[in-house]
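Each remark here refers to the structure printed beneath this line.
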Amino acid sequence: MTTKALAIALLALIINGCNSKDVPEEQTPPINDTSGVEKNPPNTTYKPAFAGQTRIAAVTTTAPYETKLLSSSLNSPWGIAALPDGRFLITEKRGSIRIARADGSLSPALAGAPTDVLTSGQAGYLGITIDPGFASNRIFYWVYSRLVPDGNLPALTRARLSDDETSLEDVQVIYEAKPAHGGDAHYGGRVKFDGNGYLYMSTGERSDINTRPFAQSLETATGKVLRLT
């Protein structure tokens, strides 16, 4: 089976799995739909590595979905992690973490969160995930743009949610994605566990001309997906 045929087969399985009776096969859009592809001029002079690298065809779907507003009271929410009891831990970009219930009610910002954070531009508190043993150890992890003497960088941080759920305990920065940089864009910051206990963290290339080449260098943690113990 060719790559294109496999992609079409997978798309059909996803659509049919969502609700096949509501999405007749004849309504499935073509895999090479270009209606959602950006057509503005490139914003750099970088030469694409191959034809179509920066203007790849879009994939659309008519699978039905429903949205429901739970809360409009969060202050620039960025990351969300589901707790075992159905509630959520949510990072707010400007440097706070809150607990949300499924009905939309929110806790106050948890006390004890690090304050050495840059919040301008795209910087701030970013991705968040819970420890696989959260139900017993109450530990979670998040990434934030940490201020350091020579700039700022994505910092992976671990903390324990207090028993009364009002504060963070044993807060530790356990990894810093170096080198630091003075800009405030392109941090990455997503963080997730796999099934083997490894923690994966994405880092951005920090946007600037002089930092973008770091994404192709194994000597830096910039512009990577990192697997951490």
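How many residues, within segment 123-150, are of a type in the set (A, V, I, L, M), more than 22 Å from Pro77 (Cβ to Cβ) and open to solvent by 40 Å² or more (accessible area, probe 1.4 Å)?
Narrowing segment 123-150 to residues of a type in the set (A, V, I, L, M): 123, 126, 128, 130, 135, 139, 143, 147-148.
Next cut, more than 22 Å from Pro77 (Cβ to Cβ) only: 135, 148.
If we keep only those that are open to solvent by 40 Å² or more (accessible area, probe 1.4 Å) as well, we get 135.
Residues that pass the stated criteria total 1.
When you look at Ser35, is it assigned to a loop (DSSP other than H, G, I, E, B) and modelled with pLDDT of 90 or more, yes or no? It would help to see each step written out before you state the result.
Numbers: assigned to a loop (DSSP other than H, G, I, E, B): yes; modelled with pLDDT of 90 or more: no.
So Ser35 does not fit the description; no.
Quick one: in segment 172-205, which of the residues that are in a loop (DSSP other than H, G, I, E, B) and touching an Asp or Glu at 6+ places or on another chain (Cβ under 9 Å) is surrounded by the most Cβ atoms within 10 Å (Cβ to Cβ)?
Our first condition is that a residue be in a loop (DSSP other than H, G, I, E, B); within segment 172-205, this holds for 177-180, 182-187, 194-198, 204-205.
If we keep only those that are touching an Asp or Glu at 6+ places or on another chain (Cβ under 9 Å) as well, we get 179-180, 182-183, 185-186.
Values: Pro179: 16, Ala180: 17, Gly182: 11, Gly183: 20, Ala185: 16, His186: 22.
It comes out as His186.
Scan segment 154-171 residue by residue and report those that are more than 16 Å from Tyr125 (Cβ to Cβ) and either open to solvent by 10 Å² or more (accessible area, probe 1.4 Å) or at pLDDT below 95 (or both).
Once the filter is applied, which keeps residues that are more than 16 Å from Tyr125 (Cβ to Cβ) and either open to solvent by 10 Å² or more (accessible area, probe 1.4 Å) or at pLDDT below 95 (or both), segment 154-171 yields Arg160, Asp163, Asp164, Glu165, Thr166, Glu169, Asp170.
If you check Leu118 against the conditions, is it surrounded by 17 or more Cβ atoms within 10 Å (Cβ to Cβ) and under 27 Å from Val148 (Cα atoms)? Explain how you work it out, then say what you get.
Numbers: surrounded by 17 or more Cβ atoms within 10 Å (Cβ to Cβ): yes; under 27 Å from Val148 (Cα atoms): yes.
Criteria met by Leu118.
Residues of segment 59-94 being open to solvent by 50 Å² or more (accessible area, probe 1.4 Å) and small (Gly, Ala, Ser), which ones?
Matches in segment 59-94: Ser72, Ser73, Ala82.
Go through (1) modelled with pLDDT of 90 or more; (2) exposed (fewer than 10 other Cβ atoms within 10 Å of the Cβ); (3) on the phi < 0 side of the Ramachandran plot and name the single condition Asn43 misses.
Of everything listed in (1) modelled with pLDDT of 90 or more; (2) exposed (fewer than 10 other Cβ atoms within 10 Å of the Cβ); (3) on the phi < 0 side of the Ramachandran plot, Asn43 misses just condition (1).
Looking at (1) out of contact with any strand residue (DSSP E or B) (no Cβ under 9 Å at 6 or more places or on another chain); (2) in contact (Cβ under 8 Å) with a residue 24 or more places away in the chain; (3) not hydroxyl-bearing (Ser, Thr, Tyr), find the lone condition where Asn196 falls short.
Exception for Asn196: condition (2).
Considering only segment 104-126, state which residues are within 24 Å of Leu70 (Cβ to Cβ), touching a residue at least 60 places away in the same chain (Cβ under 8 Å) and polar (S, T, N, Q).
Matches in segment 104-126: none.
Just checking, does segment 120-136 include any residue being small (Gly, Ala, Ser) and at positive phi?
Within segment 120-136, the first condition is being small (Gly, Ala, Ser), and the residues that meet it are 120-121, 123-124, 127, 133, 135-136.
Now restrict to residues that are at positive phi: 121, 124.
Yes, segment 120-136 contains a residue that is small (Gly, Ala, Ser) and at positive phi.
The values are calculated or read from the model by the stated rules, or taken from the named source; none is laboratory data. Bear in mind the structure is a predicted one, so any value in this text is a computation, not a measurement. Virtual Cβ from ideal backbone geometry, glycine too; neighbours counted across all protein chains shown. Note: areas computed on protein heavy atoms with side chains; ligands, DNA, RNA excluded. Shrake-Rupley method; radii C 1.70, N 1.55, O 1.52, S 1.80 Å.
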